[in-house]
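Engineer: Right, I'll just put the structure down here and ask away after.
The values are calculated or read from the model by the stated rules, or taken from the named source; none is laboratory data. Here the structure is a predicted model, which means the values were calculated and not measured. For neighbour counting, all protein chains shown are included, and Cβ atoms are generated from backbone atoms with ideal geometry for every residue, glycine included.
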Amino acid sequence: MNLFKFILNNIPRPILIKVSYWVRPLISIYLKGNNYTDPIDGKSFRKFLPYGYEKQRLNVLSPSTLSLERHRLLWLYLKNETDFFTTQKKVLHIAPEQCFLKIFKKQKNLDYITADLYSPIVDIKADICDLPFNDNSFDVILCNHVLEHIEDDHKAMSELYRVLKSGGLGIFQIPQDLNREKTYEDFSITSPEEKAKHFGQYDHVRIYGKDYFDRLRNVGFKVQEINYSKELTEEQITKYCLTKGEILPVCFK
């Protein structure tokens, strides 16, 4: 097992988050170069870092923001296709990613609230299945790579729908196997080792298939399945270290 894989699988995530604030400036200096660029902060590097709990993906973790492929794709979509950065919005960000947190907090147009049950960097400790917010509270909700950790994902999705304003926007990325028609879940699988074997990560409870979008629709969302990498050039995909074919679940109420 290589070092990055060992760290991901053996050090609790809250500790990793805290430690990363100290380590990443040093890594950024060491890997500075011109081959690849993180569009979130505009910094360039000779290579990105590997990442993955089971199978390591090479050249995907930005040394500066710690963004992954999915984060950079979401950033480009929000920047290029929405008014997220230009109009007044009340935003709820569940389990906020470090690559976005400081930037979104500094946005004067955003009333930005973060929430999670375990993250050490959020504003509000909250259970996604029982959110402490009124109905129709938020213009935008971001909740990425969370639902695959939640056994009652229908309840979680219903809560996200409840607190989103009518006409509001939600983006709920998940790890997804588009070769599967149906989501695979088995709650009798409880050990971290078996979860990793079946679901790809020690703390996941399912692998979503193509039916993920219909799960969102079943709680009331109008869902657009956006393959945003198709809107980008080959040069951009290579430069930003993106994954072709990832579908953004862009949801409306």
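Engineer: Taking the options 186, 152, 127, 139, name whichever one is over 30 Å from residue 83 (Cβ atoms) and in contact with a Leu (Cβ under 9 Å, 6 or more places away or on another chain).
Structural biologist: Answer to the selection: 127.
Engineer: Under 8 Å between Cβ atoms, which residue pairs at least 6 apart in sequence (or on different chains) link something in region 140-154 that is free of Cβ contacts under 8 Å to residues at least 24 places away in the same chain with a partner that is surrounded by fewer than 24 Cβ atoms within 10 Å (Cβ to Cβ)?
Structural biologist: As it stands, the answer is 152/129, since those pairs meet every condition given.
Engineer: Still on this structure, I have one more. I need every pair where a residue in region 118-129 that is assigned by TED's automatic domain parsing to the domain that holds residue 97 has its Cβ under 6 Å from the Cβ of a residue that is among the basic types (Lys, Arg), sequence separation at least 6 or different chains.
Structural biologist: 129/155
Engineer: Considering only region 84-97, I want to know if a residue exists there that is of a type in the set (Val, Ile, Thr) and surrounded by fewer than 18 Cβ atoms within 10 Å (Cβ to Cβ).
Structural biologist: Checking region 84-97: at least one residue is of a type in the set (Val, Ile, Thr) and surrounded by fewer than 18 Cβ atoms within 10 Å (Cβ to Cβ).
Engineer: Those residues that are free of Cβ contacts under 8 Å to residues at least 40 places away in the same chain and either touching a His at 6+ places or on another chain (Cβ under 6 Å) or acidic (Asp, Glu) (or both), I need them from region 232-253; list them, please.
Structural biologist: Within region 232-253, 234, 235 meet the criteria.
Engineer: Kindly evaluate residue 153 against the criterion of being over 30 Å from residue 135 (Cβ atoms) and of a type outside the set (Ser, Thr, Tyr).
Structural biologist: No: the conditions fail for residue 153.
Engineer: Identify all residues within region 152-192 that are hydrophobic (A, V, I, L, M, F, W, C) and buried (at least 19 other Cβ atoms within 10 Å of the Cβ); write none if there are none.
Structural biologist: The answer is 156, 157, 160, 163, 164, 169, 171, 172, 174.
Engineer: Next question. Does residue 125 fit the bill of being within 19 Å of residue 40 (Cα to Cα) and surrounded by fewer than 15 Cβ atoms within 10 Å (Cβ to Cβ)?
Structural biologist: Judged against the criteria, residue 125 is not a match.
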